[in-house]
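One structure below.
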Amino acid sequence: MVLPKAVRDGLLKIAKEKKLFLEGNLLKIIEPGTDDPAFAEYLKICKERDISSRKKRLEVTKQVQSQNTALAHAMGEKETLMLNLQHALEQAEDAKKEAEQLRDAAMDDLDLLQKRTQFELINIIVKVALVIIISVGIVVSIMYLFAILYGRETQIIGSTWSNLLGILLTNAFSIVGTIMGVKYATDKH
């Protein structure tokens, strides 16, 4: 397609004054004509600028595509890291719960061991106290019995025996009551 002389002159004037040139597929169908070397030079410059512009656009497109690919890859890695982080957080929570359960079990075992030890100690104290009380009662009763059998004065030993048995019984009940009170106070209901 050959453009009229007025159009060619107008394009040359725009290029010279405003530095605007034709570009795109339109350049493929415009012919310079044989009588206008200035317009032929103009079309040559337009084609070179068009090729350069297309190369730059292609480079920018490739760069954008490369960046988009890198961004998509980075997003995939970020997603993987987030999933791994979430999994690690869940594992930490599970480990924390397990540690709390182990601590609670250990505290329960310690409490049970302390109660068992206290119960055994209470049993030993009660048995020793009862043995002492019974032993003193038997010894004093035997002494009182010998005094009666041998005809000795039993007035003093009788009242002593009676007082001593009363004191021993009172102390025995006091010990048992105190131990039972301590045991009841330390039990958790």
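Inside region 1-32, residues that are of a type in the set (Val, Ile, Thr), within 19 Å of Ile51 (Cα to Cα) and outside any loop (DSSP other than H, G, I, E, B) make up a count of 1.
Considering Ala185, Ala172, the condition of being modelled with pLDDT under 80, at negative phi and surrounded by 11 or more Cβ atoms within 10 Å (Cβ to Cβ) is satisfied by Ala172 alone.
Okay, residues lined up against (1) polar (S, T, N, Q); (2) assigned to a helix (DSSP H, G or I); (3) touching a residue at least 60 places away in the same chain (Cβ under 8 Å):
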position: Ala92; (1), (2), (3): no, yes, no
position: Glu100; (1), (2), (3): no, yes, no
position: Met107; (1), (2), (3): no, yes, no
position: Phe119; (1), (2), (3): no, yes, yes
position: Asn123; (1), (2), (3): yes, yes, no
position: Lys127; (1), (2), (3): no, yes, no
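Looking for something assigned to a loop (DSSP other than H, G, I, E, B), surrounded by 10 or more Cβ atoms within 10 Å (Cβ to Cβ) and touching a strand residue (DSSP E or B) at 6+ places or on another chain (Cβ under 8 Å) - is there at least one such residue anywhere in region 33-56?
There is at least one residue in region 33-56 that is assigned to a loop (DSSP other than H, G, I, E, B), surrounded by 10 or more Cβ atoms within 10 Å (Cβ to Cβ) and touching a strand residue (DSSP E or B) at 6+ places or on another chain (Cβ under 8 Å).
The residue pairs whose first member lies in region 1-29 and is within 10 Å of Cys46 (Cβ to Cβ), whose second member is of a type in the set (Lys, Arg) and in a helix (DSSP H, G or I), and whose beta carbons are closer than 7 Å, counting only pairs six or more residues apart or on different chains, are Phe21/Arg49; Glu23/Arg49; Leu27/Lys47.
Matching residues to (1) of a type outside the set (S, T, N, Q); (2) modelled with pLDDT of 80 or more; (3) touching a helix residue (DSSP H, G or I) at 6+ places or on another chain (Cβ under 6 Å):
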site: Arg103; (1), (2), (3): yes, yes, no
site: Phe119; (1), (2), (3): yes, no, no
site: Asn123; (1), (2), (3): no, no, no
site: Val128; (1), (2), (3): yes, yes, no
site: Met180; (1), (2), (3): yes, no, no
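Inspect region 148-167 for any residue being in a loop (DSSP other than H, G, I, E, B), charged (D, E, K, R) and at pLDDT below 85 and give the result as yes or no. Scanning region 148-167, I find at least one residue that is in a loop (DSSP other than H, G, I, E, B), charged (D, E, K, R) and at pLDDT below 85, so the answer is yes.
Beta carbons closer than 7 Å, at least 6 apart along the sequence or on distinct chains, pair a first residue in region 129-155 that is within 23 Å of Ala172 (Cα to Cα) with a second that is part of a helix (DSSP H, G or I) and β-branched (Val, Ile, Thr) for Ala129/Ile175; Met143/Ile157; Tyr144/Ile157.
The values are calculated or read from the model by the stated rules, or taken from the named source; none is laboratory data. These numbers come from a predicted model, not from an experiment. A quick note on method: Cβ atoms are made from the backbone with ideal geometry, for glycine too, and the neighbour counts reach across all protein chains shown.
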